[in-house]
Amino acid sequence: MKKLSWVLIGLAVTGSAYAQDIAQGVVYVDANGNGQRDKREVGLAGVGVSNGVQVVQTNKNGHYEIPVQNDNIIFAIKPTGYRFALDEFNQPRFYYTHKPQGSPKLEFEAVPPTGKLPKSIDFAVVETKEASEFSAFVFGDPQAYNEDELDFFKQGVIDEAKTVSGPLFGISLGDLVGNDLSLHPGYKAAMATMSLPWYNVIGNHDLNFDVTTDSLSDETFEKNFGPANYSFNVGDVHFLILDDIIYPHPKTGKGYQGGFRKTQLDFIENDLSLVSKEKLVILSMHIPLSPENNASFRKEDRQRLFDILAQYPNVVTLSAHTHYQQQNFYDNKHGWKGAKPLHEYNVGTTSGDWYSGLLNNKGIPVSTMRDGTPKGYAILKVKGNQYSFDYKVVGENTASGLAVYGPSIVEKKYVGRYPLYVNFFMGAANDEIRYQIDEGEWKKMQRVESYDPAYLKSVLEFDGATTLLDGRRPSDPVSSKHLWNTKLPKLKVGNHKIKIEATDMYGQIYTTIKEIEVVAK
């Protein structure tokens, strides 16, 4: 086991005002799965255990010791080939909350006093077969503001997703609810029906807003979900779940900003120091790292994160928050020093555009996102230390990954006045989309940054309504980062079939067909 002297020196230098103690215990293999350490059940060596900042490893007997203060969550880092038991909501039992006095009194219920530190904090793991090739669900922003919207989430997303076979577990990328933290239990109950281990990121709408320091903004989240910063291993992948929201805003004192406290960045560095450079590292956060270099994410925090990650050749970050979908890449102009650009997948949301738009035949808002991406979720696919993603549209929208907008019938002499748009939901700037008319020559489409015309039309339908429409007006559109178009060429009178093909960054091919009738007056 690692010596603790350097840790204790570091704590002394910080001059912490909180009482310090030493937590100890054993990570053991629970051979009979009863959740108790029986006489013949052995400790597991080399397992990471953290207090949220420092990370130590268990010794040959599975024993660990780590400093704790009066507001710590001690957690074990799941090793590959093992699993934790699940609670009634399918959340892994991997942590112990140590808050002797409990959380401060807040609007939403938080952690009650936990009392004296136990003599031994033990973590049970069960050996399991774990392949290096697997898949997982990735959900962006369920973000229900009330019980009705929680029902929209359950009926519109969960009831469909839980029928999908294959994924081993799931991750929700924050904004689990919309400010009303009393909805967290309802969210947990909904996720439990997925019957999979589920990991949750904190979002800016999951915070305790009645606090004056960022370190206390996750008190209710900690009660309901455990630590907001932790890690686990599956196959050849190391996952980091991170709180990247600073509240209150460090400069204005109002609202929030993307970023990390120093202790969080210290945890990331300490955690990764024990991770093989051969592994794939996947970071799950809520707020994007901000490719435009704007003030939404604190630059010095991003830079230190980049410096920590630069030595890992296989890294991808996941975020949500924006309620649209985009593929971001960071290079030296952003301060990234890795051998290849850092890929961030800003995942589309399960709430879409905040449960807006017309109601479908099930009475659920269509809720297309502002960039024209239908609401849905991603599926992460891993093979060894390589990854890819699929995006699954929920409900009745297109299943091809492509949405085409253009006329279905045109007059022959005006054909050339009409554009054809393709929204490639998983598209990135360097992807290629081409089209073929009636088995003719393949031609490339042009990437544009503009409003998705189908989404704009849905907004204008509300703005120009002459009768009351069922549903809430969608938000104003934003320029889509994955939109292509072309002008229609001259076409003869008759029916024409336009085949459209898109290839993504992983080499996956998406196809769809658009049919157009040309008529003469």
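A helix-only calculation puts the chain at -3500 deg cm²/dmol for mean residue ellipticity at 222 nm, using -39500 (n - 2.57) for each DSSP H run of at least four residues, averaged over all residues. Of the whole protein surface, Ile121 contributes about 10 Å² of accessible area at a 1.4 Å probe radius. Using a probe radius of 1.4 angstrom, the carbon and sulfur fraction of the accessible surface of the chain is 50%.
With K and R counted +1 and D and E -1, the other residues having a Cβ less than 14 Å from that of Thr80 yield a net charge of -1. Potential lengthening of the chain between Ala429 and Lys383 amounts to 14.1 nm, from the contour at 0.36 nm per residue minus the alpha-carbon distance. Taking the Cα of Thr467, stepping 7 Å toward and past its beta carbon, and measuring to each backbone N in the range 333-363: which are under 14 Å? Under cut-off, by backbone N: nothing. At q = 0.13, 0.15 Å⁻¹ the log10 of I(q)/I(0) for the range 216-372 amounts to -0.68, -0.88, computed by Debye summation with a single uniform scatterer per C-alpha, solvent ignored. Put the Cα centre of the range 331-385 next to the Cα centre of the range 242-297 and the gap is 19 Å. Ordered from largest to smallest accessible area (heavy atoms of protein chains, 1.4 Å probe), the residues Leu460, Leu342 come out as Leu460, Leu342. Summary of packing: across the peptides 371-383, 484-496, 344-356, the per-residue average of other C-beta atoms within 10 Å ranks them, highest first, as 344-356, 371-383, 484-496. Within straight-line reach of Lys340, meaning a Cα separation under 12 Å, sit the following aspartates and glutamates at least 8 residues removed in sequence or on another chain: Asp331. Near Val111, the amide H atoms lying under 5 Å from its own belong to Ser103, Lys223; only residues 5 or more places off or on other chains count, and H is placed 1.01 Å from N.
Accessible surface calculations at 1.4 Å, restricted to protein heavy atoms, place the range 87-132 at 62 Å² per residue. Counting only protein heavy atoms and a 1.4 Å probe, the range 188-253 has 25 square angstrom of accessible area per residue. The string of couplings for the range 413-425 from the Karplus curve (6.51, -1.76, 1.60, θ = phi - 60°) is 6, 10, 3, x, 8, 9, x, 10, 10, 10, 9, 9, 4 Hz, one whole number per residue in order, with x for Gly and Pro.
Using the alpha carbon gyration tensor of the chain, what are the three equivalent-ellipsoid semi-axes (square root of 5 times each eigenvalue), largest first, in whole Å? The answer is 46, 24, 22 Å, longest axis first. Between the beta carbons of Ile22 and Glu292, assuming R0 = 56 Å, the FRET efficiency works out to 0.80 to the nearest 0.05. Working ranking of peptides 442-452, 70-80, 147-157 by packing, defined as the average number of other Cβ atoms within 10 Å per residue, highest first, is 70-80, 147-157, 442-452. Would you grab the residues whose amide H sits under 5 Å from the one on Leu488? Only those 5+ places off in sequence or on another chain, please, with H modelled 1.01 Å from N. Under 5 Å from the amide H of Leu488 lie the amide H atoms of Tyr418, Leu420, each far enough along the sequence or on another chain.
Local charge for Thr97 was computed over the other residues whose Cβ lies under 10 Å away, with Lys and Arg +1 and Asp and Glu -1, and equals 0.
Which number gives the lysine pairs in the range 119-234 that have C-alpha atoms under 15 Å apart and are eight or more places apart or on different chains? The result is 4.
The values are calculated or read from the model by the stated rules, or taken from the named source; none is laboratory data. Keep in mind that this is a model prediction, so the values were computed, not measured. A quick note on method: Cβ atoms are made from the backbone with ideal geometry, for glycine too, and the neighbour counts reach across all protein chains shown. In case anyone asks, the SASA skips ligands and DNA or RNA and just uses the protein heavy atoms, side chains included. Shrake-Rupley method; radii C 1.70, N 1.55, O 1.52, S 1.80 Å.
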